[in-house]
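Each remark here refers to the structure printed beneath this line.
The values are calculated or read from the model by the stated rules, or taken from the named source; none is laboratory data. What you see is a predicted model; the values in this text were computed from it and never measured. As a convention, Cβ positions derive from the backbone with ideal geometry for all residues, glycine included, and neighbour counts pool all protein chains shown.
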Amino acid sequence: MSARTPKTAMIIGAGVVGVTTAYALARRGVNVTLIDFRDGAADGTSFANGGQLSYLHTDALASDTIIKDMPGLAMGLNPAFRIKISLDPDYVNWLLAFLRNCTASRHAENTRSALAIGLESRVEMQKLVQRYDLDFDYQVPGKMQLIYTPEMRRNVEADMAAKGLDADEQRLLTFEEARTLEPALSDIGTRPEAVMYAAREALGDAHKFSVNLLALLKRDFGVKTLFGNRVQHVSLSSDRATLTLADGDVREADLCVLCTGADRRLLKELKIDAPVMPMKGYSMTAPHGENAPRISITDSKRRLVVSRLGDRIRIAGMADLGWTNPDPDQKRIATLLREAEASLPKAADFRNVQSVWAGLRPMTPDSNPRIGRPHAALAYNLGHGMLGWTMGMGTAERLAKLIGLPELAEI
């Protein structure tokens, strides 16, 4: 495809991926308008995620070890992870593609591919926080992954070997070594067999990041927004995109960029082959407990994370593949609360939960996002799954390069 470099762009979707995409394009001189049917940036799936910037923890969900768990997941026997039964052809095709990725070789390849994006994102985030004084509770406290069984340990060791990282990046600790680094583990409900420690992993509030970065983009780069307005239709000419909005407004740009997460409506209309399915996740936010962790914690058995974001503790996790209603399910929130208390009972003030949330994470069968430009006037950046917050900066840069925008000299 031969396409000229766009001077104007309409980005559909103002989650963290949409905002970081706007950042990558606007800094290179593109006149950007960000559109979302919600009333502000990051009001959907990005609103209250776990907060972890897990640049190294990019292990693909599909693996040879998950096959034996599939019947139990379909029957809802695992409180942390469920798979919905559906005869929807797109969903069935997605599951078949997922199963094709459930081999040791593909798992390793997909994990390494996602790791490359994670490392690129880390570099771009470091540049951003050095360039701007942006308030989003950013910190680099490290991350611990709790490992409970010999099989889980072997899987973690295999993933670490596949990534080829040195001990300064990731290493296994005994429980005693981990507890010395993070005293909050003294109150753990079930003592793990080992702990994977990554000292350079970071944290931040994705919602605050998106809101404050967008304010900067509007102020310094002239980015415009159209909130509370849904894009009903996109039509393409040879080198222009025309967007028809719900209120009848019609807008044109050199390029339309889909950052639409798990919403597949426009993908279908535009015949974009991007295999994305929603995987619902949950979170709750509460004040610090008696022994709140400083280091971010991932409990692998319970599929939850515990993160300190300023004066709050964010507990997020669980996975409901195929659920499409974004509203919080109170039974699932109760399960998350129960599992969090069982894991780290003194991490948060669980009797005074301030807010609960649910979001539809856009999963691909191989846990890698999709970035493409199928038409001169159309591009997409989506399918980040559970790692949109982690990968957003990196995939935005990849998209900018894909559409022919220049490299930027860093100060």
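Answer with yes or no whether L95 is part of a helix (DSSP H, G or I) and surrounded by 14 or more Cβ atoms within 10 Å (Cβ to Cβ).
yes
Which condition from (1) more than 22 Å from G29 (Cα to Cα); (2) outside any loop (DSSP other than H, G, I, E, B); (3) in contact (Cβ under 8 Å) with a residue 60 or more places away in the chain; (4) not acidic (D, E) is the one that L217 breaks?
Failing condition for L217: (1).
Restricting to region 150-168, name every residue that is over 23 Å from S105 (Cβ atoms) and touching a residue at least 60 places away in the same chain (Cβ under 8 Å).
Passing the criteria: none in range.
Quick check: anything in region 136-147 surrounded by 14 or more Cβ atoms within 10 Å (Cβ to Cβ), more than 30 Å from A340 (Cα to Cα), out of contact with any helix residue (DSSP H, G or I) (no Cβ under 7 Å at 6 or more places or on another chain) and touching a residue at least 24 places away in the same chain (Cβ under 8 Å)?
no
Working only within region 66-104, note down all residues that are under 23 Å from the mean Cα position of the chain (by Cα), farther than 19 Å from D263 by Cα and β-branched (V, I, T).
I66
Residues are listed down the side, and each one gets a yes or a no for (1) over 20 Å from H207 (Cα atoms); (2) in a loop (DSSP other than H, G, I, E, B); (3) at pLDDT 95 or above; (4) not charged (D, E, K, R):
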{"position": "R4", "(1), (2), (3), (4)": "yes, yes, no, no"}
{"position": "V19", "(1), (2), (3), (4)": "no, no, yes, yes"}
{"position": "Y23", "(1), (2), (3), (4)": "no, no, yes, yes"}
{"position": "G29", "(1), (2), (3), (4)": "yes, yes, yes, yes"}
{"position": "L34", "(1), (2), (3), (4)": "no, no, yes, yes"}
{"position": "G40", "(1), (2), (3), (4)": "no, yes, yes, yes"}
{"position": "F47", "(1), (2), (3), (4)": "no, yes, yes, yes"}
{"position": "T58", "(1), (2), (3), (4)": "yes, yes, no, yes"}
{"position": "D64", "(1), (2), (3), (4)": "yes, yes, no, no"}
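Between residues in region 237-252 that are within 9 Å of A376 (Cα to Cα) and residues that are among the basic types (K, R) and outside any strand (DSSP E or B), which pairs lie under 8 Å by C-beta distance while being six or more apart or on different chains?
D239/R4
So which strands (runs of 3 or more DSSP E) are wholly in region 301-384 and hold at least 3 residues that are of a type in the set (G, A, S)?
In region 301-384, the matching strands (runs of 3 or more DSSP E) lie at 312-321, 355-363.
Report, by residue number, each residue of region 372-385 that is buried (at least 24 other Cβ atoms within 10 Å of the Cβ) and either touching a Phe, Trp or Tyr at 6+ places or on another chain (Cβ under 7 Å) or not small (G, A, S) (or both).
Y380, N381, L382, H384
Residues to consider are L267, L258, L226, L216; find the one that is of a type in the set (A, V, I, L, M) and touching a helix residue (DSSP H, G or I) at 6+ places or on another chain (Cβ under 7 Å).
From the options L267, L258, L226, L216, the qualifying one is L258.
Here are the criteria: (1) polar (S, T, N, Q); (2) in contact with a Phe, Trp or Tyr (Cβ under 8 Å, 6 or more places away or on another chain); (3) farther than 30 Å from V156 by Cα; (4) modelled with pLDDT of 95 or more. Tell me which single one S283 does not satisfy.
So the condition that S283 fails would be (3).
Just a yes or no: is a residue in region 237-252 assigned to a helix (DSSP H, G or I), within 26 Å of Y23 (Cβ to Cβ) and not β-branched (V, I, T)?
For region 237-252, residues assigned to a helix (DSSP H, G or I), within 26 Å of Y23 (Cβ to Cβ) and not β-branched (V, I, T): absent.
Could you tell me which residue of region 314-334 is farthest from G204 (Cα to Cα), considering only residues that are in contact with a Gly (Cβ under 7 Å, 6 or more places away or on another chain) and at pLDDT 95 or above? Please lay out each step first, then the result.
Applying the first criterion (in contact with a Gly (Cβ under 7 Å, 6 or more places away or on another chain)) to region 314-334 yields 314, 316-319, 326.
Subsequent filtering for residues that are at pLDDT 95 or above retains 314, 316.
Values: R314: 11, A316: 14 Å.
The residue in question is A316.
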